[in-house]
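A.B. asks: Before we start, here is the structure in question, set down as structure tokens.
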Amino acid sequence: MSNDNLMFTATEHGQSMHAKVKAFIETHIEPIEAQFWEECHKKNPDGNWENWEWPEAYENLRKQAREEGLWNLFLPDDTLGAGLSVTDYAPIAELTGRSLLAPHVFNCNAPDSGNMELLWRYGTQEQQDKWLTPLLEGETRSVFCMTEPDVASSDATNMQATAMVDGDEIVINGSKWWSSGLGDPAVDVLIVMAYTADESADRHHQHSMVLVPVNTPGVNIKRMLKVFGDYDAPHGHGEISFENVRVPVSHFIGGPGKGFEIAQGRLGPGRIHHCMRCIGAAEKSLELAVKRGMSRTAFGKPLLQLGGNFERISEARIKIDQARLLTLYAAQKMDAQGTKKALTEISAIKVVAPTVLQEVVDMAIQIHGGMGVCQDTMLPGFYAQARVLRLADGPDEVHKTMIAKLELKRQGFSRSAKSDKA
């Protein structure tokens with residue numbers, strides 16, 4: 001990989017963990033990945049999530065990774081996690097992004113990693129004991145329920161699902177979809193973001209996050225949603241309804257009205273992780289394109305020497321390295337100054353990294369021809385990942401708007417200011 005010796009400002013501990021993860025992926029994951037997903041599709045052929053299961057190799061790999069200390073690498077806690085900073089973990093996230101399986105093996109997959117960090121930062125001791133510990137141990141899985149089917153969820157204040165206090169209980173009603181991980185057979189808890197009306201508070205203190213055990217009466221999994229025709233089993237992305245679901249008030253995370261504040265704390269590091277995984281997937285896609293283009297001949301020449309393909313390869317290299325440097329810069333700024341000071345950079349990478357992955361994968365697919373769109377390569381999975389991430393955690397347009405507003409503010413213009421300042 002082109003960035004083997006580029007660790008930005010990673011510590012010695014970060015570089016050591018990077019080397020161990022790289023060796024584990026090359027030795028234990030890459031040789032079996034194609035066979036793993038083939039078996040996975042055979043075990044889970046349809047949308048009947050009640051029967052979904054992981055292949056036997058899944059738990060074996062996870063056990064081995066944990067025994068080698070390659071576990072919960074995303075969590076910056078040297079007791080519960082690996083004690084890595086965001087900057088230390090970013091290159092490791094890139095390594096795991098080269099594989100569709102690796103994030104699961106190291107217990108670093110979304111949405112669990114974000115949910116675990118959320119509970120670590122904001123959960124009470126009781127909440128941590130009951131839900132965080134089993135997640136960190138890899139015994140259970142979790143889901144984050146935010147997006148809704150009946151509103152434009154790019155504006156999260158549109159949320160219609162409600163979480164209202166009734167005595168010593170929270171009553172939840174509404175619908176959510178694209179709740180990732182809902183099909184996993186180990187799922188036992190949902191984190192639901194919903195509207196909690198408060199006339200005394202502003203629009204960004206009207207929403208709450210609530211812990212809801214998946215088997216609570218009134219929780220109804222309606223269906224799994226296909227992504228480009230694939231159920232993504234046994235992880236899955238589901239549609240779910242809540243009908244007078246009741247849980248104790250102690251299931252509020254951080255208290256009522258704290259949903260947006262907590263969401264920003266959850267999404268900041270998570271966007272670094274997503275973007276670095278995108279860069280890893282783009283690197284893998286570029287490698288596949290080069291190998292395919294140099295091993296296949298048409299019109300008497302290797303494919304890469306035809307039709308401007310050299311230029312496409314060079315453009316891919318430039319874009320990947322630019323995206324990586326921007327993401328590492330955002331990670332370093334987040335470590336040094338906190339998430340709020342890095343909002344521009346976080347939004348920028350959220351636009352850049354999935355777009356770069358989409359462009360590089362598209363180029364690699366074209367070079368592969370028909371093979372590029374079938375199950376014989378990882379490219380269709382990478383393409384779906386890229387296209388979905390241009391919507392997930394805020395669509396491109398929302399992040400571009402955020403960048404523009406922050407730039408105006410930086411230059412002394414308020415959001416409502418007229419453009420009459422020299």
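Here, each number is a calculation from the coordinates, and none is a lab measurement. As the structure is a prediction and not an experimental result, all values here were calculated from the model. Methodologically, a virtual Cβ is constructed for each residue, glycine included, from the backbone with ideal geometry; neighbour enumeration extends over all protein chains shown.
A.B. asks: Mind counting the residues in the range 99-118 that are in a loop (DSSP other than H, G, I, E, B) and touching a strand residue (DSSP E or B) at 6+ places or on another chain (Cβ under 6 Å)?
C.D. replies: Qualifying residue count for the region: 1.
A.B. asks: Residues of the range 296-314 being assigned to a helix (DSSP H, G or I), in contact with a helix residue (DSSP H, G or I) (Cβ under 8 Å, 6 or more places away or on another chain) and without any contact (Cβ under 8 Å) to a residue 24 or more places away in the chain, which ones?
C.D. replies: Answer for the range 296-314, where residues must be assigned to a helix (DSSP H, G or I), in contact with a helix residue (DSSP H, G or I) (Cβ under 8 Å, 6 or more places away or on another chain) and without any contact (Cβ under 8 Å) to a residue 24 or more places away in the chain: just Phe310.
A.B. asks: Further question: Look at Thr96 and say whether it is touching a residue at least 60 places away in the same chain (Cβ under 8 Å), crowded, with 21+ Cβ neighbours inside 10 Å, in contact with a Ser or Thr (Cβ under 7 Å, 6 or more places away or on another chain) and not in a loop (DSSP other than H, G, I, E, B).
C.D. replies: Taking the combined requirement at face value, the residue does not satisfy it.
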